[in-house]
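Chemist: One structure, as structure tokens, below. Some questions next.
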Amino acid sequence: MIGINLLGLLVLVLFVVLLIVFIAIGDRWPVSFRKIRGYEALLKALERAVESGERVHLSLGTGSLIGTDSAAAFAGLVVLTEIAKVTSLSDRPVVVSTGDGAMAIVAQDTLRSAYREAGALDRYEPISARMLGPTPFSYAANIPILLESERVSANVLLGAFGAEGALAADFGERKQTFVMAGTEDIQSQALLYAVAEYPLIGEEVFAGGAYLDVSPAHRASLRVQDTVRFIIVGGILIGLLLNLLGISL
């Protein structure tokens, strides 16, 4: 157990060191990421929404703020930062929904910070981030009402979802809005893949900050992940080779 904890600590230290190094390097070592259709289409959808005076809706799902399923919602908050900046001067800025009260408060604070950074703090309205329902299906049941009343043209789902995520995505598809959806739950990912026009698979959910260029730290984090993967794969191959040579570690 001590060995496992020590290994985890070493990996964490490696992550932190590499993150600092890649942030310091910045664009001096250019890197290109593979294309993700969802994020490319999202930027175009934001432009269309701003030009046409329609609303962008970001759903953070039904997970709690301190639950084990909160990681995807925090990834959604990162994407919210960029969406809020882009739509801050629009006639109809972004609206955020969640199924958890505490998460709604965090979303309000994220919106306030984004508007302040964009120099549009006077346009911030706390009601732009709201809790729609305390249970998964009561939350999903209120999605079509929000889409209709707010004239939503882009429906982005990034958070913790169960089966209700497929309903939320389907409501958007039925209204012929742009729908991008992602979550960390494998079963829910399968449902969203079948329903949403632009599903996010696996780690794509957590890459939004880098692909939307929210900050250098997000781009550096992806480079760290790839570097650590190469190190782990290299270690596995070396271990296999040593085992074939009869050398035990």
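The values are calculated or read from the model by the stated rules, or taken from the named source; none is laboratory data. These numbers were taken from a predicted model, which means no experiment stands behind them. Here Cβ is always computed from backbone atoms with ideal geometry, including for glycine, and neighbour counts include all displayed protein chains. Ligands, DNA and RNA are excluded from the accessible area calculation, which covers all protein heavy atoms including side chains. Shrake-Rupley method; radii C 1.70, N 1.55, O 1.52, S 1.80 Å.
Chemist: Give the residue, chosen from G202, G209, G239, G182, that is open to solvent by less than 40 Å² (accessible area, probe 1.4 Å) and at positive phi.
Modeler: G202
Chemist: For segment 120-151, enumerate the residues that are touching a His at 6+ places or on another chain (Cβ under 9 Å) and either open to solvent by 80 Å² or more (accessible area, probe 1.4 Å) or of a type in the set (V, I, T) (or both).
Modeler: The answer is I143, and nothing else.
Chemist: Filter segment 20-51 down to the residues that are assigned to a helix (DSSP H, G or I), open to solvent by 60 Å² or more (accessible area, probe 1.4 Å) and either of a type in the set (G, A, S) or touching a helix residue (DSSP H, G or I) at 6+ places or on another chain (Cβ under 7 Å) (or both) and list them by number.
Modeler: Listed by number, the residues that qualify are I23, A24.
Chemist: Among the helices (runs of 4 or more DSSP H) confined wholly to segment 136-246, which include 2 or more residues that are modelled with pLDDT of 90 or more?
Modeler: 136-149, 164-174, 186-195
Chemist: Also, quick follow-up: If the Cβ limit is 7 Å and pairs must be 6+ apart or interchain, which residue in segment 143-171 that is among the polar types (S, T, N, Q) pairs with which residue that is in a strand (DSSP E or B) and open to solvent by less than 30 Å² (accessible area, probe 1.4 Å)?
Modeler: Note: pairs meeting the criteria are S153/F178; N155/H57; N155/F178; N155/V179.
Chemist: So, one more: Which one of the conditions (1) in contact (Cβ under 8 Å) with a residue 60 or more places away in the chain; (2) in a helix (DSSP H, G or I); (3) of a type in the set (A, V, I, L, M); (4) open to solvent by less than 50 Å² (accessible area, probe 1.4 Å) does V56 fail to meet, given that it meets all the rest?
Modeler: (2)
Chemist: All but one of (1) open to solvent by 40 Å² or more (accessible area, probe 1.4 Å); (2) under 22 Å from the mean Cα position of the chain (by Cα) hold for N5; state the number of the condition that does not hold.
Modeler: Every listed condition holds for N5 apart from (2).
Chemist: Right, something else. Where the second residue is of a type outside the set (D, E) and in a helix (DSSP H, G or I) and the first is closer than 22 Å to K85 by Cα and without any contact (Cβ under 8 Å) to a residue 24 or more places away in the chain and lies in segment 211-233, which pairs have Cβ atoms under 7 Å and are six or more apart or on separate chains?
Modeler: So the pair list comes out as S215/G209.
Chemist: Can you tell which of R219, R174 is in contact with a helix residue (DSSP H, G or I) (Cβ under 6 Å, 6 or more places away or on another chain) and either among the basic types (K, R) or farther than 25 Å from S59 by Cβ (or both)?
Modeler: Numbers: R174 fails: in contact with a helix residue (DSSP H, G or I) (Cβ under 6 Å, 6 or more places away or on another chain).
That would be R219, the only listed residue that is in contact with a helix residue (DSSP H, G or I) (Cβ under 6 Å, 6 or more places away or on another chain) and either among the basic types (K, R) or farther than 25 Å from S59 by Cβ (or both).
Chemist: Regarding P93, is this residue closer than 13 Å to L58 by Cβ and assigned to a loop (DSSP other than H, G, I, E, B)?
Modeler: yes
Chemist: Determine whether segment 103-114 contains at least one residue that is without any contact (Cβ under 8 Å) to a residue 40 or more places away in the chain and more than 18 Å from the chain's Cα centre (by Cα).
Modeler: yes
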